[in-house]
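**Q** One structure, pasted below without further comment.
Only the coordinates and a few stated rules stand behind these numbers; no lab work does. Here the structure is a predicted model, which means the values were calculated and not measured. Here the Cβ positions follow ideal geometry from the backbone for every residue, glycine too, while neighbour counts run over all protein chains shown.
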Amino acid sequence: MLSFDFSYARGGFQLDARADVANGVTGICGPSGSGKSTLLLLLAGLLKPQSGQLRMRDDVLVDRARKIFVPAWRRHFGLVFQDGQLFPHLSVRDNLLYGFERLAPASRLFTLDTVLQLLEIGHLLERRPALLSGGERQRVALGRALLYSPRLLLLDEPLSSLDERLKQQILPFLKRVKDETRIPMLYVSHAQAEVEFLADRVLMMDRGKLVDVERITASS
């Protein structure tokens with residue numbers, strides 16, 4: 001269970017977000033500029049809220065009143081940005097294995113071969129990110145996050161730069177991850193079909209506020 005109740009302000013933008021997120025997939029929808037990506041950055045520890053709390057199961061990650069702030073590298077969360085940010089000085093292989101090799105073998109949920117086959121990136125292993133297309137970078141970023149076996153997966157429009165064939169291949173895999181592991185996911189997308197296929201519930205954001213929670217009964 002992920003629980004948060006915090007506030008964040010920058011410039012003229014104010015975000016006030018409160019929710020309890022169970023296992024499974026929670027879709028986050030709303031217009032551009034409503035704060036969806038900012039929320040993920042706050043959860044990941046890449047931004048610091050001015051006030052409030054964040055708890056993951058029994059771990060307090062943020063409590064500004066008690067001056068607790070666990071940095072991003074200690075949260076063991078996976079984050080996939082919309083533009084598939086990778087380490088530019090590392091090969092695709094080294095990007096994929098960056099977190100994987102730091103895990104105890106017993107805690108690894110996926111093998112490298114499984115991820116390479118599913119995401120069709122085996123032929124890219126020796127390339128540097130500068131030589132990848134946008135869709136290739138996105139697949140590598142998704143593979144790196146999965147191989148990290150995170151305790152929370154934050155996905156910011158992870159399929160936006162992929163063609164329809166790959167989307168139809170990767171979406172069922174993400175659904176399998178949801179069904180076979182206890183990794184909760186927060187999935188930001190403007191694609192209603194993706195959210196309906198994958199998500200168990202939806203948080204609606206508008207102008208920095210969570211304004212609605214809707215449960216989804218998937219037909220798949």
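**Q** Hey, what do the phi angles of the stretch 99-116 turn into as Karplus ³J(HN,Hα) couplings, whole Hz, using 6.51/-1.76/1.60 and θ = phi - 60°, x for Gly and Pro?
**A** Result, rounded to whole Hz: x, 4, 6, 8, 8, 5, x, 5, 9, 7, 8, 9, 9, 4, 4, 4, 5, 4.
**Q** Check Leu61: other-chain or 5+ apart residues with amide H under 5 Å from its amide H, H built from backbone geometry?
**A** For Leu61, the qualifying residues are Leu54, Arg55, Met56.
**Q** If I model the stretch 50-129 as equal point scatterers sitting on the Cα atoms and use the Debye formula, what is log10 I(q)/I(0) at q = 0.11, 0.16 Å⁻¹?
**A** So the normalised log intensities work out to -0.44, -0.79.
**Q** Can you put Thr111, Thr26, Thr181, Thr38 in order of Cβ neighbours within 10 angstrom, beginning with the fewest?
**A** Thr111, Thr181, Thr38, Thr26
**Q** Right, here's the next one. Pairs of lysine in the chain with Cα under 16 Å and at least 8 positions apart or on different chains: total?
**A** 4
**Q** Also, I was wondering about something else. Take every DSSP beta bridge with both residues inside the chain and express the antiparallel ones as a percent of the total, to the nearest 5.
**A** 60
**Q** For the stretch 143-211, just say rounded, prolate or oblate: build the C-alpha gyration tensor, square-root its eigenvalues into a ≥ b ≥ c, call rounded for a/c under 1.5, and beyond that prolate if a/b exceeds b/c, oblate if not.
**A** Because a/c hits 1.5 or more and a/b fails to exceed b/c, the stretch 143-211 counts as oblate.
**Q** In what sequence do His190, His89, His76 fall when counting other Cβ within 10 Å, fewest first?
**A** Ascending number of Cβ neighbours within 10 Å: His89, His190, His76.
**Q** Residues of the stretch 64-84 with backbone nitrogen within less than 11 Å of a virtual label 7 Å along the Cα-to-Cβ line of Ser51, please, listed as ranges.
**A** 65
**Q** Can I ask one more? How big is the chain along each principal axis, measuring the range of its Cα positions in Å and listing the largest first?
**A** So the three principal-axis extents are 47, 39, 35 Å.
**Q** List, in order, the whole-Hz ³J(HN,Hα) value for each residue of the stretch 56-73 obtained from phi through the Karplus relation with A = 6.51, B = -1.76, C = 1.60 and θ = phi - 60°; use x for Gly and Pro.
**A** With coefficients 6.51, -1.76 and 1.60, one gets 10, 6, 8, 9, 8, 9, 9, 8, 5, 5, 9, 6, 9, 8, 7, x, 4, 5 Hz.
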